[in-house]
Every structure is written in structure tokens, then in C-alpha cells.
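Scroll down for the structure; my scribbles are underneath it.
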Amino acid sequence: MTHRTNLDMDVLRSFVTGFELGSFARAADRLGRSQSAISTQLRKLEEQVGQPLVQKSGRGLALTVAGESLFSYARRILELNDEAVDIVRGAGVEGWVRLGLPQDFAESWLPAVLGRFARAHPKVRVEVQVDVSAHLIEKTVTGELDMALCWGDGSDGGHASQVAEFPIRWIGRPGWPGAKSLGAEPMPLLAFPLPCRFRAAGIAALDLAGIPWRLTFSSPSLSGLWAAAEAGLGITLRTTAGMPATLSAFDAAEMGLPPLPSIPLALHRAEDRPSLAVARLSEILLERIQAHTSATRAAA
């Protein structure tokens, strides 16, 4: 009979968390362990699989080929483990959760998040509102929503904390013909109506660089902006979360466009001590955000 190695779940979690957060120091803080304990776990994992999993890359660490393979499997193992625990522990949780989301995440993240939550907590009903961040924050403060993901650092009201940062990108149709005339004519800008953090960041960057611009399309609908960009009406600016496959995030320097800042994402809650159902949905959302930011860093 072939001897099988059983991977330690705690060790796998430290390994995955370290690369999802981009630092084993951050993983130590998140998991409540010392940095030396995390390093010991990583060495133990390499001994178990008989392969080096990390290698130096500049001042940091990167996954080896074996590490990349194990990372993918480890995330799936942990997801199954967490889902099994959720189902056993959460079978008796009941009630409602009212969730608010920006349009960026409604189509790309919502199905997977709600599917996992529904399997773990079948007796909890979820009501979702998709809106601009300013409206979602107001509804969370007034108690119309239990929780909401909103663009911003969380300082604009309610019980909120920043959970991630996303780079803002110039986005348009691949091979957009207007690229040849940038600088010679005002740049056609596609954006949400005011107030909009993305629009403000883009205009500030263009003005600072002395690049003329004109607003050629404005819509409160993100799908409307994507459609205008696909039609070649101009360039919009957003994060790549939920970006259609028919569009591309441009290389700013290559296009002669100014660099853009990152935008924070905050989780707002109506109550400082939320119900168990709200807390569990918050955890699932945060795990999804970590997975996305980890994949984005790996792609970069």
C-alpha cells in the first residue's frame, strides 16, 4: 500500500494567506502567529512535498513552479474545508441579510459569493441592492442595509474599515483608433455623472499632465460605460474588477496617458456588532476580495 502524505490544514492556510496578502508578516498578523512560526510552517510544508515552494524575487518572495501548483490546490482544499465547517456550524442560522454592492462586483463576484453563503446558511435570506457607493453608504448609516462594499477608505460614515486597494486603470477597446490622435485633440472621456471618485481621479490626472479632455459619454450605468468603450467612443477609467473580456486595460506610459492612483475599498456595516449571518457573509466577501487581489498581483 502506497504511503500518502497528509498536508496540515493550518500550514496550508499560512502558505495561502501569505501569498494572498503579499507578505508573510501580514499573514502572521492575520492568523495570530509569530513570523518565525509562519516560517517554520513553510519549511515544514516544503519538507512534506519534497520541493522548494518559494524563491527570492527582488526584496520579496515568489512562488516556484511547484509552489504555484500547490497554491492552486491549497486554495481549493481550504475552500472545501471552510465550506464543510460553514455548513455544519451554520445550519441553524436564520434571518435576513441586506447587502449593498457597487456595480463592478454585482456580476463578477456576486454569484459565487451568494452560492457559497446559501449552501452554508440555507435558512438565511439575502436581499441585494446594487448602487453607487454614496447611496450605499447612506443606506448603511440609516440602517436600510446591514452591510455594503463601497469605494473609499471608510472614513465617510458608519462602522467601516478599509479592506483592499485596487489600481485604477485607463480602459478601452483593444486597438482603439483614437489612440493615434491623443494629444492632438481632447481625449474623449467616458465616465459616471458627478460625484464619482473615478471621474475625479481621471480628470485630476489629465489636468496635472496638461492633457486636454472632453466628456463624450456619461451614464450612471457601468454596463453603459462598458458599451460605450466597446463602441470606441472613448476611454473610461475603472478597476479591472468585472471588466468585460472585450476591453483592455491600457499601458498608461505606452499610450501617453498619465498614471492613475489606487482606490480603496471599504466594508460598511450598520452595526458595530453585526448578527452572525451578517458576520459570516462579511467573511465570505473578504475572502473573495483577497483571492481577487492575490490573482491580480500574480498577473502583474
Extending each Cα 7 Å along its Cβ direction at Gln129 and Met255, get the distance between those two points in nm, one decimal. 3.3
Computed over the chain, the relative contact order (Cα-Cα under 8 Å, seq sep at least six) in percent reads 21
So between Arg4 and Ala227, what do we pick up on full extension, going 0.36 nm a residue minus the alpha carbon distance? 75.1 nm
Calculated FRET efficiency for the pair Ser161/Leu276, C-beta based, R₀ 25 Å, to 0.05: 0.85
So what is the 222 nm mean residue ellipticity for the chain from helices alone, if each DSSP H run of at least 4 adds -39500 (n - 2.57) and you divide by all residues, rounding to the nearest 500 deg cm²/dmol? -14000 deg cm²/dmol
Multiply the residue gap between Gln51 and Glu185 by 0.36 nm, knock off their C-alpha separation, and tell me the result in nm, one decimal place. 42.7 nm
For the pair Trp96 and Ala25, how long in nm is the line joining their label points, each one 7 Å along Cα→Cβ? 4.5
Report, to the nearest 10°, how far helix 197-209 tilts away from the longest principal axis of the Cα atoms in the chain, using its own Cα long axis and a range of 0 to 90°. 60
Helix 35-49: inclination vs the chain longest Cα principal axis, degrees, rounded to 10, gives 70
Cα long-axis angle, helix 65-90 against the chain (0 to 90 degrees, to the nearest 10): 80
Within the chain, the percent of DSSP beta bridges that are antiparallel, given to the nearest 5, stands at 55
For the range 9-88, just the Cα set please: Rg and Dmax, both in angstrom. 12.6, 44
Which residue fluctuates the most in the chain, going by a Gaussian network model with Cα springs under 10 Å, if the choices are Asp131, Asp146, Asp207? Asp207
Charge tally for neighbours of Glu230 with beta carbon under 14 Å away, counting Lys, Arg as +1 and Asp, Glu as -1, is +2
Put a dot 7 Å past each Cα toward the Cβ at Thr246 and Arg214; how far apart are the dots in nm? 2.5
When all Cα-Cα pair distances of the chain are considered, the percent exceeding 27 Å is 52
Cα centroid separation - the range 259-289 against the range 38-52, whole Å: 32
Cut-off 17 Å (backbone N to label point 7 Å along Cα→Cβ of Leu114), residues of the range 120-136: 120-132
For Glu283 and Lys44, what is the calculated FRET efficiency with R₀ set at 45 Å and r taken between the beta-carbons, to the nearest 0.05? 0.95
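Just so you know, all these numbers are worked out from the coordinates, no wet-lab data involved. These figures come from a predicted structure and were not determined experimentally. Note that we place each Cβ from the backbone using ideal geometry, even for glycine, and neighbour counts take in every protein chain shown.
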